[in-house]
1. Please state the relative contact order of region 51-282 as a whole percent: Cα pairs under 8 Å, 6+ residues apart?
2. How much length, in nm to one decimal, is gained on full extension between Phe112 and Leu98, taken as 0.36 nm per residue of separation minus their Cα-Cα distance?
3. Which one of Pro230, Ile245, Asn267 is farthest out on the positive end of the charge dipole of region 132-283, using unit charges on Cβ (Lys, Arg +1; Asp, Glu -1) and the Cα centre as origin?
4. Could you tell me how many degrees, from 0 to 90 and to the nearest 10, lie between the Cα long axis of helix 248-282 and the main elongation axis, the longest principal axis, of the Cα atoms of the chain?
5. Subtracting the Cα-Cα distance from 0.36 nm times the residue separation, let me have the gained length for Arg88 to Ser39 in nm, one decimal.
6. Quick check: from the Cα gyration tensor, does region 1-85 come out rounded (a/c under 1.5), prolate or oblate?
7. Given charges of +1 on the Cβ of Lys and Arg and -1 on the Cβ of Asp and Glu, with all other atoms neutral, how large is the dipole of region 51-282 about its Cα centre, in debye to the nearest 20?
8. Could you check the spin-label model distance between Asn237 and Val12? Points 7 Å from the Cα along Cα→Cβ, value in nm.
Amino acid sequence: MLILSIASVSFVFLIGIGLYWRAAPLFNENTLYSLFRSSEWAPSSGKFGFYPFIMGTLWVTLIAIVVALPLCLLTGVYLTEYAKSSVRRVMLPLVNILAGIPPVIYGVWGIFFVVPIVREYVAPRFTEYSSGYTVLTGGVVLAVMIFPILVSIVSEVLKTIPKELKDASLSLGATKWETIKKVVLKRALPGIIAATVLAVSRAFGETIAVLMVCGNVPVAPTSVFDGGYPLPALIANNFGEMMSIPLYDSALMFAALLLFVIIFLFNLVSRIILNRIEHKYSS
């Protein structure tokens, strides 16, 4: 069992080593600083600037979490604390169905529903013109995609809160909403953070749906109404064209390595923070 466990964990490091080995030729021609800071993407001229793609990934992911987390948290609270059992039996399966829908369906839905709303109703209030294919559109579509995992995990975490804690708060004169805010959510904070980490990891790597609605503009966004080009979309769009251009394959492997490192570091930092929070509450 120990050997099998080590073998499973070793796949993480093997993936990282493999990506680094394929991306290594790019480092002979460019420094890490130039790769991170440059905004010029011209593979035929040997110029590979990843700054727009990094910023596009961060913008879309941040918007998705900002949109999804409050909705999912309130939905989880409603299903566990307020909804009748008959309502829970209907809503939870419907939420779980969202997790089984192919990403391309979300992309098509984003093109025919979210893009026109952003272009015709939202963007004109803040800017002169927007095509609708923006990081905001990508963030909204991605928020809907991570909605099932967040709602499911948050609901399960809230169910684990001992009834005695809630009864004690209510017996001291607190209202039900005060009990939820100051007892239930506070006790469930580590689980909520863990659910958010899983959702962010999913959001970082999503490809097809985001590729279809973000505009794929290799320029760093400056507002939510600008187009973006996340790293997964860069890899998916250009992987078939890389053989004819020198260092193009290394650049795309570096994009994959960069995405891998971002997710790895995010999970590592989140785990450290989560351990400290759990230690604080346990003590």
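Only the coordinates and a few stated rules stand behind these numbers; no lab work does. Computed from a predicted structure; not experimentally measured. Neighbour counts are summed over all protein chains in view; Cβ atoms, including those assigned to glycine, are modelled from backbone coordinates with ideal geometry.
1. On the way: 293 pairs, mean separation 69.6, N = 232.
After rounding, I find 30 percent.
2. This chain segment gains 3.2 nm when fully extended.
3. Asn267
4. Taking Cα atoms only, the helix is inclined about 20 degrees.
5. Details: separation 49, 0.36 × 49 = 17.64 nm, distance 4.87 nm.
Difference between extended and current length: 12.8 nm.
6. Here region 1-85 falls in the oblate category.
7. On the way: 17 positive and 12 negative charges, 227 e Å.
Dipole size: approximately 1100 debye.
8. Reported label-point gap for Asn237 and Val12 is 3.1 nm.
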